[in-house]
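One structure is given below, encoded as C-alpha cells.
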Amino acid sequence: MNTKLDHNAPPVNQLDVNKKLIKWYDQNAREFPWRVPPISSREGTKPNPYHVWLSEIMLQQTGVKVVEPYFLKFINKWPNISDLHQASETDILNLWSGLGYYRRARNLKACAEIVCTQYQGNFPKNEKLLLKLPGIGKYTAAAILTIAFGIPSVVVDGNIERIVARLFALQGTLEKLKTQIHKRMMIISCNDRPGDFAQAMMDLGSTICKPINPECLNCPICFSCSAYKNGTTQIIPERAKRRTKVLRKGFIYLAITKSNKIAMVVRPSSGLLGGTTCPPSSEWNIGEYPENNPPISGTWVELDKKVKHSFTHFNLELRVMVTTISYVPKGFFLKPFNLSTTNSSPSVMRKALNLLLKNQNF
Ligand code: SF4
C-alpha cells in the first residue's frame, strides 16, 4: 500500500484528531454483536475475524439496523467459518433472504470455501491475498486488516468520506474526491488503535457528522474541522445529481396446489436475485409489460394489486397472476405456501406472496 502523505494538505492536526476521536469513541462507541467494545479492546481482546468479515459483507449496501438480526441468525446457525463452508448455497441464500444483493451471499460461500481449503480456516493478513477472495474489495480488505487484525490500513466508507471532505473542506462530489480523501485519511489515521480509530470514524459519521444537519457542537473534532470553521458544513460534500430510475414491468406467476403448496424455481446463478428460490416470473421489460405468457398451463387470474419494488438502478412493477394446479409442473418444485416460505423469499417475491396470502378471494 502507498503510504506517502500529502504534505500540501491543509493543516489538520493529526494527533489532535485521532486522540480526541479515540477518547470520544471510548465513551460513545455503538454496540454491535460483531464488535469488541473499546474497554475490552484496550484490555487486549481481539475481534473474531469471521464476525468482522461476515458483518462487513452484510453491511455492503445495507444499514446496521437491518444487518444486526441477520448477523445473529448467521452466527447462531454457522458459528464459525468452517460451519459456513459446509452449509449449502441454498441454505445460505434462504437465510440471507430479504437482505438483498444476493451475489453477496453466494460470495460468502465461495469465500468460506477458499479460506477453509487454502488457508486452514484463517483469513490471510495480507491485502493482496484478501483482494483475491470472492466479495472482498478494497474497502472490505482494509476493514478486515484494520479491525480484525489491528494492521493499520486506510478504511474509507461513505460515512468516512463525508467526514474527511468536511474536515479538510474539500470541494467537489465524493465520487470525484476519492483519491484526495484517501490521502487525507492517511494523514489522520491512528496507528495505536487502528481498528478502534476506523470504527470511531464510522460511528462519528453515523451519529454526529450526518449527511444533513451534522451536529457539530457535539463533535469531538470540531476545532480541527475546516468546514465547521468556514461555515460550509451544509454544502460539503457537494451533492451528486440523482439519476432517475427506469421503470421495469413484468408478471409473477403463483401456482398453488390444493394442499397449499406453491411451484418454485431456482433462478439462474448469475444476474439479479441469482441462485434464489422464487416463484417464476416473466422478463422485466423497460417501460411496458412483456407478453403475458405463463410458464405453467392453467386458468390464471390476476390479483387487483400490483407489486411495486425499488432496486438500486430501477423500479419494478409486477402484475400478480395466480392459478391452482393439481400436479408438479416439469422444471419446478413445490414448497409449502406459508409464512416460512414467504419470509425466506427475496423481498420483491415476498411482496407478491404476501398479496396472495392476504387475498381472501382466491
Ligand atoms: S465539526 Fe461538524 S462537519 Fe466537522 S467533522 Fe464534526 S460534525 Fe462533521
Next on the checklist: Quick check: Cα centre of the stretch 38-92 to Cα centre of the stretch 276-332, how many Å?
Outcome noted: 34 Å
Checklist entry - How many lysine pairs does the stretch 246-358 hold where the Cα atoms are under 13 Å apart and the two sit 8 or more places apart or on different chains? => result 8
Checklist outcome for this item: Phi angles of the stretch 201-208, converted by Karplus (6.51 cos²θ - 1.76 cosθ + 1.60, θ = phi - 60°) into ³J(HN,Hα) in whole Hz with x for Gly and Pro, give 4, 4, 5, 4, x, 7, 10, 10
Checklist outcome for this item: Rounded to the nearest Å, the spacing of the alpha-carbon centers of the stretch 115-160 and the stretch 197-243 is 27 Å
Checklist outcome for this item: Counting sequence-distant residues (5 or more places) and residues on other chains, those with an amide H built under 5 Å from that of THR324 are ILE256, THR299
Checklist entry - In the stretch 213-311, which GluC sites (Glu not before Pro) fall in coil by DSSP and have 14 or fewer other Cβ atoms within 10 Å? => result GLU215, GLU283, GLU288, GLU291
Checklist entry - Between GLY121 and residues 5 or more places away or on another chain, which pairs have amide H atoms under 5 Å apart, with H built 1.01 Å from N, and which residues are they? => result CYS116
Checklist outcome for this item: the chain, Gaussian network, Cα under 10 Å: of PRO211, PRO346, PRO329, the residue fluctuating most is PRO329
Checklist outcome for this item: Rounded to the nearest 500, the 222 nm mean residue ellipticity computed for the chain from DSSP H runs (n ≥ 4, each -39500 (n - 2.57)) alone is -11500 deg cm²/dmol
Item to check | Among beta bridges that DSSP assigns inside the stretch 246-358, antiparallel share in %, nearest 5 | outcome: 60 percent
Item to check | Range of Cα positions in the chain per principal axis (Å), largest first | outcome: 73, 47, 33
Next on the checklist: Over the stretch 17-118, what portion of Cα pair distances is larger than 19 Å, expressed as a whole percent?
Outcome noted: 47 percent
Checklist outcome for this item: Loop-resident trypsin sites (Lys or Arg not before Pro) in the stretch 229-275 with no more than 12 other Cβ atoms inside 10 Å, DSSP not H/G/I/E/B, are ARG239, LYS241, ARG242, ARG243, LYS258
Checklist entry - Using a ≥ b ≥ c from the Cα gyration tensor of the stretch 14-230 (square roots of the eigenvalues), is it rounded, prolate or oblate, where a/c under 1.5 gives rounded and otherwise the larger of a/b and b/c decides, a/b for prolate? => result prolate
Checklist entry - Among the aspartates and glutamates, which have Cα under 17 Å from the Cα of LYS210 when same-chain residues fewer than 8 positions away are ignored? => result ASP157, GLU161, GLU238
Checklist entry - Tell me which lysines have Cα within less than 20 Å of LYS183's Cα, excluding those fewer than 8 residues away on the same chain? => result LYS4, LYS19, LYS128, LYS138
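Taken together, the values in this text are just the output of simple stated rules run on the coordinates, not laboratory data. Since this is a predicted model, take the numbers as computed values, not measurements. Cβ: placed from backbone, ideal geometry, glycine included. Neighbour counts: every protein chain shown.
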